[in-house]
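**Student:** Have a look at this one.
The values are calculated or read from the model by the stated rules, or taken from the named source; none is laboratory data. Small disclaimer: the values here were computed from a predicted structure and weren't measured. Note that we place each Cβ from the backbone using ideal geometry, even for glycine, and neighbour counts take in every protein chain shown. Note: accessible area is taken over every heavy atom of the protein model, side chains too, but ligands, DNA and RNA are not part of it. Shrake-Rupley method; radii C 1.70, N 1.55, O 1.52, S 1.80 Å.
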Amino acid sequence: MPNAPLSDSIALLRQLGAATVYEAQGAQGALDHGIKPIDPACRLAGPAYTVDCRPADNLMLHYAVQKARPGDVLVVDAKGFMEAGPWGDVLTLQAMQRGIAGLLINGCVRDANLIIELGFPVFCRGLSIKGTGKNQPGRVDVPVSIGDVSIRPGDIVVGDRDGVAVVPHERVDATIAASLAREDKEAQQRQAIAQGVSTVELLGLGETLRRFGLH
């Protein structure tokens with residue numbers, strides 16, 4: 001799908017899912033396993049609007065919600081701090097009113113049940129009922145890092161139950177092409193398995209197993 005409209009590309013990446021996108025990029029771009037959706041059924045894809053904020057302070061989140069564009073995913077580096085929930089139901093309602101597609105935060109949130117009921121995709125490191133201040137400045141629309149993954153403004157965030165993968169914005173078309181090719185290959189593998197072919201045969205593992213004496 002070369003040069004597809006970005007909205008179509010984002011919809012396709014959401015459908016393909018995080019694991020396929022990660023593998024199609026050469027096993028690149030996956031966030032660590034600690035970042036998970038609060039609702040396992042939710043799916044997320046959209047361009048990153050990045051926020052660099054101080055732990056236990058959500059001033060910049062209130063600011064970022066006003067600055068992000070419809071369809072953006074707020075990508076917040078809250079420094080992995082686990083003893084505060086800087087995002088809750090009130091900010092969720094505001095974000096939805098603004099057309100924001102979801103939240104990815106390197107930190108915690110609260111009001112999880114209400115957020116799930118609202119249907120707003122949130123990916124985070126955990127839950128914390130503890131409150132936050134609104135006093136500390138930060139930065140928006142700058143590169144941030146979550147674990148060993150750097151996320152730039154406009155990079156595409158893809159999330160689902162398996163986790164989160166980040167697609168550099170200049171690699172969207174190439175990643176989609178590789179993901180579709182991978183999907184086709186796996187469909188052929190599933191068909192072969194249904195016909196009695198083993199995964200050892202499909203993946204050419206026979207020689208490796210024999211080398212370890214596994215006959």
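**Student:** First check a/c for the stretch 3-80, with a ≥ b ≥ c the square roots of the eigenvalues of its C-alpha gyration tensor; if it is under 1.5, answer rounded, and if not, answer prolate when a/b is larger than b/c or oblate otherwise.
**Tutor:** Since a/c reaches 1.5 but b/c is at least a/b, the shape of the stretch 3-80 is classed as oblate.
**Student:** Let me know the charge dipole size of the stretch 1-143 about its Cα centre in debye, to the nearest 20, where only the beta-carbon of Lys, Arg (+1) and Asp, Glu (-1) is charged.
**Tutor:** 240 debye
**Student:** Mind checking the full-extension length gain between N113 and H215? Use 0.36 nm per residue of separation minus the Cα-Cα distance, one decimal, nm.
**Tutor:** Difference between extended and current length: 31.6 nm.
**Student:** Only helical DSSP H runs with n ≥ 4 go in: add -39500 (n - 2.57) per run for the chain, normalise by residue count and round the 222 nm mean residue ellipticity to 500 deg cm²/dmol.
**Tutor:** The per-residue figure over the chain is -10000 deg cm²/dmol.
**Student:** Compare K79, K185, K36 in a GNM of the chain, Cα atoms joined below 10 Å, and give the one with the largest fluctuation.
**Tutor:** K185
**Student:** Report ³J(HN,Hα) in whole Hz for each residue of the stretch 69-76, in order, from the Karplus equation J = 6.51 cos²θ - 1.76 cosθ + 1.60 where θ = phi - 60°; Gly and Pro get x.
**Tutor:** 8, x, x, 6, 9, 6, 10, 10
**Student:** Can you work out ³J(HN,Hα) from phi for every residue in the stretch 153-167, in order, using Karplus 6.51 cos²θ - 1.76 cosθ + 1.60 and θ = phi - 60°, giving whole Hz and x for Gly and Pro?
**Tutor:** These are the phi-based 3J(HN,Hα) values: x, x, 4, 9, 9, 10, x, 7, 4, 6, x, 10, 10, 10, 10 Hz.
**Student:** Sticking with the crude label model, points 7 Å out along Cα→Cβ, report the distance from V90 to E23 in nm, one decimal please.
**Tutor:** Between V90 and E23, the simple spin-label model gives 4.4 nm.
**Student:** Under a crude label model (7 Å from the Cα following the beta-carbon direction), how far is Q191 from V142 in nanometres?
**Tutor:** Spacing of the two 7 Å Cα→Cβ label points: 5.2 nm.
**Student:** Given the Cα-Cα distance of I129 and A11 and 0.36 nm per residue of separation, how much length would full extension add, in nm?
**Tutor:** Length gained between I129 and A11: 39.2 nm.
**Student:** What's the carbon and sulfur percent of the chain's accessible surface, probe 1.4 angstrom, rounded to a whole number?
**Tutor:** C and S atoms contribute 53 percent here.
**Student:** Kindly report the accessible area of the stretch 26-105 per residue (heavy atoms of protein chains, probe 1.4 Å, no ligands, DNA or RNA), in Å².
**Tutor:** The answer is 39 Å² per residue.
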